[in-house]
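I have placed the structure first, in the form of structure tokens, so that the comments after it can refer back to it.
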Amino acid sequence: MHEAVKWGVIGSGGIARRRTIPEGIAPADNAHLAAVFDVDAAVNRAVAGEFGGAAAGSVEELLAMDVDAVYIASPAYAHHAQALACAGAGKHILCEKPLGLTPAEAEEMAAAAREAGVLFGTALMMRFQTQHREAKRLIDAGELGKVAYARAQLSCWYPPIQGAWRQDPATGGGGSLIDMGGHCIDLLEMLLGPVRRVTCFTGNLVHGYRSEDSAVALLEFASGALGTVDTFFCITDEGSRNVLELHGTLGSIEAEGTIGQALQGSMAAVLKGNASAYDAAQTRIGQGWIEISPKPVNMYRAEIESFGRAVLEGREPEVGSDAGVRSQKVLAACYESARTGRAVQV
Ligand SMILES: NC(=O)c1ccc[n+]([C@@H]2O[C@H](COP(=O)([O-])OP(=O)(O)OC[C@H]3O[C@@H](n4cnc5c(N)ncnc54)[C@H](O)[C@@H]3O)[C@@H](O)[C@H]2O)c1
């Protein structure tokens, strides 16, 4: 048995209950679920009953318990105050995206953690997807040559729901772009480096709620590469194949279903020299394409174990506050572009 981080969870009833507790905290080799809190007390009791841990009646009660780190998985509008409270109580923080509603909120959260001497991680779990990591390794190894173009897609059908926090920018920070496009932009920055300029269109094509249900962002990376992110709340779940495409002077990578919450999608590549040197899980699938299928790893478990190692070893987390603040700045530039009709420097 390894040493374990004692976790508290705020907002236990949503993604925490669906994914991060059962797939991440429960099976992790360095985690123990100590306490949970949700504003819905009945849901909170049910989560505590399902997975163990004390059911706290408030954030303050949870922070007074024997907890080392807190996973914040409440709606976006609640993150800022809760992260400040966690920092004030000396607890390490792993916060869901988007960190806050604005870059300023995200920066304040990161600063509060720094000043309190606690670690701050951003829960951008798609960075732990092994196909994404393999894509990065191939790009860094020069297998695609100079990358010219990238596309990341994440869309779904999300009809109006009374009181849904994502459907009002006052509680979600925006709609499809900040909620799902944020993952796509972060992933492309992980693969290609920083974005320097954006142009973006957003709209409400179908749904009547206040957040956008449609967004396409055109990204110009500091490397000169171009990218697009398309993210809609108004196309069918089946129709969105959550595509990732990376095209370079010497090769390309195409994936379906790797972006999202599933364990693994499919990914294929044409690589420099027709992949003669590529030896990991190599299956030729015609016209120079090979399947890229590294051993899958559950992203939620990898995220929890990685943050846990940072806590136990007293070092910076792999995906820290910088990633979350950065993501928020690129997203804010996209919204500014959509509002003004201009290209915006990040
Ligand atoms: N990484 C991922 O795979 C992933 C997936 C979905 C959502 N998210 C992120 O997780 C966060 C939560 O999203 P969700 O889909 O679980 O939302 P949700 O609305 O489904 O669930 C949120 C939970 O928080 C509770 N809650 C509401 N206000 C609260 C408060 N002030 N304090 C404590 N609990 C509160 C609700 O009762 C609910 O149980 C968001 O930041 C979202 O962007 C991440």
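Here Ile72 meets each of (1) near the ligand (Cβ under 10 Å from one of its atoms); (2) of a type outside the set (Lys, Arg); (3) open to solvent by 40 Å² or more (accessible area, probe 1.4 Å) with one exception, condition (3). It is to be established whether one or more residues within region 19-32 are within 16 Å of the ligand (Cβ to nearest atom), within 12 Å of Leu62 (Cβ to Cβ) and in contact (Cβ under 8 Å) with a residue 40 or more places away in the chain. Checked against the condition, which is being within 16 Å of the ligand (Cβ to nearest atom), within 12 Å of Leu62 (Cβ to Cβ) and in contact (Cβ under 8 Å) with a residue 40 or more places away in the chain, region 19-32 yields no hits at all.
Note on region 200-257: residues that are in a strand (DSSP E or B), open to solvent by less than 60 Å² (accessible area, probe 1.4 Å) and not β-branched (Val, Ile, Thr) total 19. Here region 39-67 is the region considered, the condition is being under 17 Å from Lys91 (Cβ atoms) and not in a helix (DSSP H, G or I), and the residue that is nearest to the chain's Cα centre (by Cα) is Val67. Of the listed requirements (1) under 18 Å from the mean Cα position of the chain (by Cα); (2) in contact (Cβ under 8 Å) with a residue 12 or more places away in the chain; (3) surrounded by fewer than 19 Cβ atoms within 10 Å (Cβ to Cβ), Ala262 misses just one: (2).
The values are calculated or read from the model by the stated rules, or taken from the named source; none is laboratory data. Worth saying up front: this structure is predicted, and the values here are computed from it rather than measured. Don't worry about glycine lacking a Cβ; one is built from the backbone with ideal geometry, like all the others, and counts go over all protein chains shown. All accessible areas refer to the heavy atoms of the entire protein, side chains included, with ligands and DNA or RNA removed. Shrake-Rupley method; radii C 1.70, N 1.55, O 1.52, S 1.80 Å.
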